[in-house]
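The values are calculated or read from the model by the stated rules, or taken from the named source; none is laboratory data. In this text, all values refer to a predicted model and were calculated from it rather than measured experimentally. Note: ideal-geometry Cβ built from the backbone for every residue, glycine included; neighbour counts use all protein chains shown. Please note that ligands, DNA and RNA were not included when accessible areas were found on the heavy atoms of the full protein model with its side chains. Shrake-Rupley method; radii C 1.70, N 1.55, O 1.52, S 1.80 Å.
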Amino acid sequence: MAQILTLDEFSGMLRNLYQGPLEHIPWTTFLDQLKNCLSSKYATFILRPPSQHVDGLSISTIGSSAEVTASYNQHFYSLDPFVGLPNRQVITLAEFVSDSDWQNSEFYKSFMEPVDVFHILGADITGSDGAQCRIRISRGKSDPPFDQRDKDLLTLFLPHLEQAVILHMHLNRVESERNLYAGAVDQLAVGTIILDQDGKVLQKNRLAERLLEEKDGIKLVNEGLQVGTARDSQVFRQLVKQALASQKSSNPSVVEAMRVQRPSGRADLGIIVRSVPPSAWSEGKQCPTVVIFISDPEQESSAPQEIVKALFDLTPAEAQLAMLLANGLTLDEASDALGISRNTARAHLRSTFSKTGVTRQTMLVRLILRSVATLG
């Protein structure tokens, strides 16, 4: 029988339910609490039911093994009789399947009985966008069956669980888009550093991390950025200050640029400082406020040769030559790197010109670097 929750206990469980999408393994805290207050063995939340075409995605409380979950996703899901419940309605297994049918089923005998699961309480949620999820609470054969009080308690959490799933799905979409665009910027060989309203670093991509580790023209000092000489740093701080002021006043995004010499003598870094337009309801110090874009002229293009070959209908040899030229080599240097004669390199280049419709080497380089090849 379900425990009688105080208002504070119920409020605490709701807080953990909505905190669930932010946990490393979503909803584990809430599921453990739910399992305990329903005096059950296991609580399982199925975010994506398994099928012939996709693997299931589920979260279970401590005590249920990964092997059991895997065997359900791979085989036993097709034998489970406790599926297809009325939408958003809490039901016990006994209301859905008779005890005799349950105990004689292969699913019970091969899958549930070995882990001593007999009584099950559950609900299915099918959202307006077609997304499906299920929650299942289980007890052993010697435990009392689930009663109306148990059903009422789970029913209280059901609309909140559905809303938390909607938030979880939205966060996942945003994170997927962010990773996609961040990966594209990485491929374009542009370093990005995001600052908060105090000018402290919130986030940086891989190229920016490498440049900061090298400390050659730009470095991290007390969570802030220091660039070039003392004069460079003064100019940079002024640019950041202007961008911060623009962001706080909700003015159109301010974009400023500067060049920074590197102590090592390598090619200068190009830096763009840009304010981040605030969202309508953003608040707090942890909001992105300024973004720094850094270009390193010595960073080679990482466009895969297979992509270049497919985009421009080049032969493997032509694609190799084109990539070396795009990365700044002369025709002589490229022919030496490929171990071919200059005449052969010229023949490859003439063929490449014909296929791409350009007439000069500089045009070819620009064509490759501005193409989608670098996103491959």
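Observations on the model:
- Selection status of LYS241, of a type in the set (D, E, K, R), part of a strand (DSSP E or B) and either open to solvent by 40 Å² or more (accessible area, probe 1.4 Å) or at pLDDT below 85 (or both): no
- Residues that are of a type in the set (A, V, I, L, M) and without any contact (Cβ under 8 Å) to a residue 12 or more places away in the chain are absent from segment 247-264 altogether.
- Scanning segment 1-44 for residues that are in a loop (DSSP other than H, G, I, E, B), over 29 Å from the mean Cα position of the chain (by Cα) and of a type in the set (D, E, K, R) returns a single hit, LYS41.
- Taking every residue in segment 309-322 that is in contact (Cβ under 8 Å) with a residue 40 or more places away in the chain and pairing it with any residue that is among the small types (Gly, Ala, Ser) and crowded, with 19+ Cβ neighbours inside 10 Å, at least 6 positions away or on another chain, the pairs with Cβ-Cβ distances below 8 Å are LEU311/ALA373; PHE312/ALA319; PHE312/ALA322; LEU314/ALA322.
- Answer residue from segment 115-141, given it is part of a loop (DSSP other than H, G, I, E, B) and modelled with pLDDT of 90 or more and is farthest from the chain's Cα centre (by Cα) among those: LYS141
- Meets criteria (open to solvent by 70 Å² or more (accessible area, probe 1.4 Å), under 32 Å from the mean Cα position of the chain (by Cα) and either of a type in the set (Ser, Thr, Tyr) or over 25 Å from VAL54 (Cα atoms) (or both)) for SER71: no
- Tally, over segment 45-93, of residues that are in a helix (DSSP H, G or I) and within 18 Å of LEU17 (Cα to Cα): 0
- Flag if PHE76 is at pLDDT below 90 and open to solvent by less than 50 Å² (accessible area, probe 1.4 Å): yes
- Among all residues of segment 137-156, there is at least one that is touching a residue at least 60 places away in the same chain (Cβ under 8 Å), surrounded by fewer than 17 Cβ atoms within 10 Å (Cβ to Cβ) and hydrophobic (A, V, I, L, M, F, W, C).
- The combined condition, being out of contact with any His (no Cβ under 8 Å at 6 or more places or on another chain) and either surrounded by fewer than 14 Cβ atoms within 10 Å (Cβ to Cβ) or under 22 Å from ASP296 (Cα atoms) (or both), is not fulfilled by GLN247.
- Unique residue being assigned to a helix (DSSP H, G or I), closer than 21 Å to THR28 by Cα, open to solvent by 70 Å² or more (accessible area, probe 1.4 Å) and charged (D, E, K, R) when the list is GLU175, GLU162, GLU209: GLU175
- Listed by first and then second residue, the pairs linking a residue in segment 168-186 that is touching a residue at least 24 places away in the same chain (Cβ under 8 Å) and under 25 Å from PHE293 (Cα atoms) to a residue that is open to solvent by 50 Å² or more (accessible area, probe 1.4 Å) and part of a helix (DSSP H, G or I), with Cβ atoms under 8 Å apart and 6 or more places separating them unless they lie on different chains, are ALA184/LEU375.
- From ILE25, ILE91, ILE46, residue being open to solvent by 30 Å² or more (accessible area, probe 1.4 Å), in contact with a strand residue (DSSP E or B) (Cβ under 8 Å, 6 or more places away or on another chain) and closer than 25 Å to MET169 by Cβ: ILE25
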